[in-house]
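Heads up: the structure comes next, in C-alpha cells.
The values are calculated or read from the model by the stated rules, or taken from the named source; none is laboratory data. The structure displayed is predicted, hence computed values, not measured ones. Virtual Cβ from ideal backbone geometry, glycine too; neighbours counted across all protein chains shown.
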Amino acid sequence: MADEKPNKIWIESKRLNFGDETSAISSVECIEVRPESQRKDVLNQIKEEFDINVDDKVLKLRNHRGSLIPINGNVPVNSKSMPYILEITSRHQNVIPKPKSVKLLSYDETVKKKIQDIIDRIDRLEVAALQLTARRNNRIEKEMKELDGMLEFLNKRLTEANGTKWKGMFKKNPLW
C-alpha cells in the first residue's frame, strides 16, 4: 500500500468570498494525492497550494459538470484540460436572512381572543343543549317502536306454539 504512486489531480480555484459579484479565478494547479491519505491531509495540501491561511472558509470541490466531489484520498484522476473547480466561500455566505415574518400578539389581544373563543364555545353548547332533549326523545321513541315490533313477533310465535299438542310416539314405526 505504501508503494502506490500518488494520483495527480488538477484544480482551479474560484474565490467567492470577496463580497462583490466578481470571483477571482486562479491558474490550474496540480496536486499529488496518495490514495491512503486522510481528508485533513488532502485539505492541508490544497490550502498550502492555493495559499489559504484562514480556517473559517468552506472549500467545495466540483467536477466539470458542477457536481460536488468529496475531498479525500480517493479523488479520481483528471486532466489539465478539465480541472476540478475549488470554490472558496465564507460560512453561511449563500444564506440570505429574511425579515421577521411572525407577528406576535400583545398579551391583551391574546387574552381577548381566548375569551372570545370560550364565549363562542359556550354559545354553541347552549344551542346544542336545547336540541339534546328533542333528539334524546326521538331516539327513545324509535327504540321503543323497534322493541314493540319484536315483542309482537315473539307474542305471535308463542300463540302459534300454544296450539300444538304432543300426541306421543310416531304414528308409524320407524324402519330402522
**Request:** Restrict the check to the stretch 40-52 and report whether at least one residue is in a loop (DSSP other than H, G, I, E, B), at pLDDT 85 or above and among the basic types (K, R).
**Result:** no
**Prompt:** Which pairs do you get when a residue that is touching a residue at least 60 places away in the same chain (Cβ under 8 Å), found in the stretch 64-93, comes within reach of a residue that is among the acidic types (D, E) and loosely packed, with under 10 Cβ neighbours inside 10 Å, reach meaning Cβ atoms under 8 angstrom, with the pair 6+ apart or on two chains?
**Reply:** S90/D56
**Message:** I need the full set of residues from the stretch 123-176 which are polar (S, T, N, Q), assigned to a helix (DSSP H, G or I) and modelled with pLDDT under 85, in order please.
**Reply:** N162
**Fill in**
Selection from the stretch 93-122 of residues part of a helix (DSSP H, G or I) and either among the hydroxyl-bearing types (S, T, Y) or under 30 Å from K57 (Cβ atoms) (or both) yields Y107, T110
**Message:** Take the conditions modelled with pLDDT under 85 and assigned to a strand (DSSP E or B) and apply them to S27. Does it pass?
**Reply:** yes
